[in-house]
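Participant: Quick one: this structure, given as structure tokens, is what I'll be asking you about.
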Amino acid sequence: MYNNTLKMIHTTHTLRVRYAETDPMKYAYYGNYAAYLEVGRVELFRTIGMPYDDIEKKGIWLPVSEYKIKYLKPALYDQLLEIRTFIRQIPGVRIVFEYEIYNEAKEKITEAETTLFFLDSKDNKIIRCPQFLMELIMKNWKEN
């Protein structure tokens, strides 16, 4: 099959912490990190050639089934964050995304992982990764 340990997909996207996303200490509120990870995930799909909206138009939904996060340092108001998003395993019925978030000083401030599953939107059944998406993933699968 495929050697999952040596290959992966990796993208990087940046965003700035907005004032409305912070608490009184000007730390990014912890609840906003799920949205930051979603930005990384959506941009990864766009980068490999399939905007998320196009996946949904093809009748596939990707609900989140697991969400793990470790906060190493706070993200602060007006900091430019770099979200690195990885797919390190070939998807089956699930797809696992790993994330690292870095601040402007290039310090890793967050590690996270989300697991999503493929759901046929017509009959609400869990399915394997659809062929059109698997082809894009394999086309973009690169050496680590």
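The values are calculated or read from the model by the stated rules, or taken from the named source; none is laboratory data. Note that the coordinates shown come from a computational prediction; the quantities given were computed from them, not determined experimentally. Note that each Cβ is placed from the backbone with ideal geometry, even for glycine, and that neighbours are counted across all protein chains shown. Heavy atoms of the whole protein, side chains included, go into the accessibility calculation; ligands, DNA and RNA do not. Shrake-Rupley method; radii C 1.70, N 1.55, O 1.52, S 1.80 Å.
Participant: Could you please tell me which pairs satisfy a Cβ distance under 7 Å, a separation of 6+ or placement on different chains, a first residue in region 1-22 that is farther than 21 Å from Y102 by Cβ, and a second residue that is modelled with pLDDT under 75 and among the polar types (S, T, N, Q)?
Facilitator: Here the result reads L6/N144; K7/N144, each pair linking region 1-22 to a residue that is modelled with pLDDT under 75 and among the polar types (S, T, N, Q).
Participant: Within region 103-137, can you find the residues that are closer than 30 Å to Y29 by Cα, of a type in the set (A, V, I, L, M, F, W, C) and in a strand (DSSP E or B)?
Facilitator: First, the residues of region 103-137 that are closer than 30 Å to Y29 by Cα: 103-118.
Narrowing further to those that are of a type in the set (A, V, I, L, M, F, W, C): 105, 109, 112, 116-118.
Once the filter is applied, which keeps residues that are closer than 30 Å to Y29 by Cα, of a type in the set (A, V, I, L, M, F, W, C) and in a strand (DSSP E or B), region 103-137 yields I109, A112, L116, F117, F118.
Participant: Return yes when K68 is open to solvent by 80 Å² or more (accessible area, probe 1.4 Å) and either in a strand (DSSP E or B) or modelled with pLDDT under 95 (or both) and no when it is not.
Facilitator: On the way: open to solvent by 80 Å² or more (accessible area, probe 1.4 Å): yes; either in a strand (DSSP E or B) or modelled with pLDDT under 95 (or both): yes.
For K68, the condition - open to solvent by 80 Å² or more (accessible area, probe 1.4 Å) and either in a strand (DSSP E or B) or modelled with pLDDT under 95 (or both) - is met.
Participant: P91: over 30 Å from A28 (Cα atoms), at pLDDT 95 or above and within 15 Å of the chain's Cα centre (by Cα), yes or no? Before the answer, list the steps.
Facilitator: Numbers: over 30 Å from A28 (Cα atoms): yes; at pLDDT 95 or above: yes; within 15 Å of the chain's Cα centre (by Cα): yes.
Here the answer is yes, as P91 does meet what is asked.
Participant: Filter region 33-65 down to residues that are part of a helix (DSSP H, G or I), farther than 18 Å from I9 by Cβ and in contact (Cβ under 8 Å) with a residue 60 or more places away in the chain and give me whichever is most open to solvent (accessible area, probe 1.4 Å). If you could, list the steps in order and put the result at the bottom.
Facilitator: Residues of region 33-65 part of a helix (DSSP H, G or I): 33-48, 52-57.
Now restrict to residues that are farther than 18 Å from I9 by Cβ: 33-36, 53, 56-57.
When the remaining residues are screened for being in contact (Cβ under 8 Å) with a residue 60 or more places away in the chain, the result is 33, 36, 56.
Numbers: Y33: 5, Y36: 8, E56: 80 Å².
Once the filter is applied, the top-ranked residue is E56.
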